Amino acid sequence: MNTRDSGIDRKAAGNRRGFLKTLAIATTFVGASFLTTTVAAATTWKIQSVWDAGTVGYSLFEEWCNSMEKKSGGELIFKCFPAKAVAADNNALFEAVRNGVLQGMNPFTLYWSGKIPASVFLSSYPGGPDQPHQWDTMFYSLGMLDMTRDIYKKYGLFYVGPIQHDANIIHSKKPVSSLDDLKGMKIRVPGGMVAEVFQQFGVSTVSLPGSDIFPALEKGTIDAADYVGPAVNYELGFSQVTKYILFGPPGVMSIYQPVDLMDLTVNLRAWNSLSPELQQLVEDELRIYSQKHYLTIQKRNIEAMEKFKADGNVVSRLSQEDLQRFRKAAIPIWYRWANKDDDARKVFDLQVKYMENEIMGYLSPDDLKGME
């Protein structure tokens, strides 16, 4: 090899080394940029439920939240918290989501009756629609979802959708076989519309937090108590302090709160920051979760009823005639609540029209005569 050839080889080798060094630097830069972009694209939402840690409700909600990262391809992460973990009470929870301290919440929709009057008609109420499919029909087929979202936007919130939960039932220390048997009893029930209707039948109503129900029944300071469904109520020990469970007519667990809906509500700015594709994913997955939540609770209810029976509890049922009497007493109270504001009335009018339709046949013109 001559000197000239040797010089050429050295120059070529130097060029190759320079090229490889440049390529390595470029690859490192591109890789770093890719990683930075991936991290920046991930959005994390903090969402607090009203379910206590350790309950079946919270376990189901936590499982669903944890699934969203994978379902969104890592773009959206839901960090779930149980009741009181971030916001200490319901009022604080509402404000925390409005202000963006939390990006979302999983409440019982009825909790906001004092803030959003229309919310009393966004979950079941005395004598109203009493089957889960009726509520899904109103939300997803008759326009109630869009109405609800318009209302919530006024508060800086976005109502993603309803979550089917369960009926609320009454546990009693003495047998009840008709509405007339309720007269003179002292019963823990939700306030508002529910309490007002029960008072029409001579019931003395009292509002107690869930944690105070068992000791009140145990001490006899109340004769009966409403709470949620059999599965949770059994876990709370109600079979130890009561003997009777009050249901509605066959096929209707409760005549006063038969479809106690929960929901997913999020901060409006957080919602608007998502791409349309992610928004649609959240909506679709929530509808799937709603069904899973409801069906799991129903399975647990069936199992719990066997336990109640084994503990000596007896089911009492109101009649279809009792249901009609209850609805008749409730109708004037419906209208009082509906007339609290224009939004409440708009939602209520949709529901009345649905209940008047022959498919349901819950209301006749005579039932509403003189109501405004």
**Fill in**
Across 62, 358, 218, the residue with the highest GNM fluctuation in the chain (Cα network, 10 Å cutoff) is 358
**Asked** For region 224-249, list residues with backbone N below 18 Å from a point placed 7 Å from the Cα of residue 204 toward its Cβ?
**Response** 224-226
**Message:** Please list, in order along region 283-296, the HN-Hα scalar couplings obtained from phi with the Karplus expression 6.51 cos²θ - 1.76 cosθ + 1.60 (θ = phi - 60°), rounded to whole Hz, x for Gly and Pro.
**Reply:** 4, 5, 5, 5, 5, 5, 4, 4, 5, 5, 4, 4, 5, 5
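I need the calculated FRET efficiency for the pair residue 177 and residue 336, taking r as the beta carbon distance and R₀ as 30 Å, to the nearest 0.05.
On the way: r = 30 Å, r/R0 = 0.99.
For residue 177 and residue 336, the calculated efficiency is 0.50.
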**Prompt:** Taking the convex hull of the alpha carbon atoms in the chain, what volume per residue do you get, in Å³?
**Reply:** 177 Å³
**Asked** When the chain is treated as a GNM, springs tying every alpha-carbon pair under 10 Å, which of 58, 362, 256 comes out with the largest mean-square fluctuation?
**Response** 362
**Prompt:** Hey, in the GNM for the chain with a 10 angstrom Cα cutoff, which one of 90, 267, 233 fluctuates hardest?
**Reply:** 90
**Request:** Write out the trypsin sites (Lys or Arg not before Pro) in region 160-232 meeting two conditions: DSSP loop, and at most 14 other Cβ atoms within 10 Å of their Cβ.
**Result:** 183
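Distances longer than 17 Å among the Cα atoms of region 154-236: what percent of all pairs is that?
The proportion of pairs with Cα distances above 17 Å equals 52 percent.
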**Message:** At R0 = 22 Å, how high is the FRET efficiency between residue 141 and residue 303 if r is their beta carbon distance? Nearest 0.05 is fine.
**Reply:** 0.10
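Quick check for you: with a 1.4 Å probe and neighbouring chains kept, what is the accessible area per residue of the chain, in Å²?
Details: 17740 Å² over 372 residues.
On a per-residue basis, 48 Å².
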**Item:** Nonlocal amide H pairs with residue 49, under 5 Å, H built at 1.01 Å
**Value:** 81, 83, 106
**Message:** Please list 3J(HN,Hα) in residue order for region 240-246, calculated via the Karplus relation 6.51 cos²θ - 1.76 cosθ + 1.60 where θ = phi - 60°; whole Hz, with x for glycine and proline.
**Reply:** 7, 10, 9, 10, 10, 10, 9
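Please state the charge dipole magnitude for region 224-372, taken about the Cα centre, from unit charges on C-beta atoms (+1 on K and R, -1 on D and E), reported in debye and rounded to the nearest 20.
Values: 18 positive and 22 negative charges, 88 e Å.
Here region 224-372 has a charge dipole of around 420 debye.
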**Message:** In region 207-318, if the dipole is taken from +1 on Lys/Arg beta carbons and -1 on Asp/Glu beta carbons about the Cα centre, which of 236, 265, 316 is farthest to the positive end?
**Reply:** 316
**Prompt:** Which residues' amide hydrogens lie under 5 Å from the amide hydrogen of residue 263, considering only partners 5 or more residues apart or on another chain, with H built in the peptide plane?
**Reply:** 109, 163
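Calculate what fraction, in whole %, of the accessible area of the chain sits on carbon and sulfur atoms when a 1.4 Å probe is rolled over the protein chains. Please report the intermediate quantities before stating the final value.
Numbers: 9440 of 17740 Å².
Roughly 53 percent, rounded to a whole number.
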**Message:** 5 Å is the cut-off here: which amide hydrogens, built 1.01 Å from N in the peptide plane, fall below it relative to residue 227, excluding neighbours closer than 5 in sequence?
**Reply:** 169, 171
**Prompt:** Quick one: helix 56-71 against the long Cα principal axis of the chain, what's the angle to the nearest 10°, folded into 0 to 90?
**Reply:** 30 degrees
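The values are calculated or read from the model by the stated rules, or taken from the named source; none is laboratory data. Quick caveat: nothing in here was measured; it's all calculated off a predicted structure. Methodologically, a virtual Cβ is constructed for each residue, glycine included, from the backbone with ideal geometry; neighbour enumeration extends over all protein chains shown. SASA here: full protein model, heavy atoms, side chains in, ligands and nucleic acids out. Shrake-Rupley method; radii C 1.70, N 1.55, O 1.52, S 1.80 Å.
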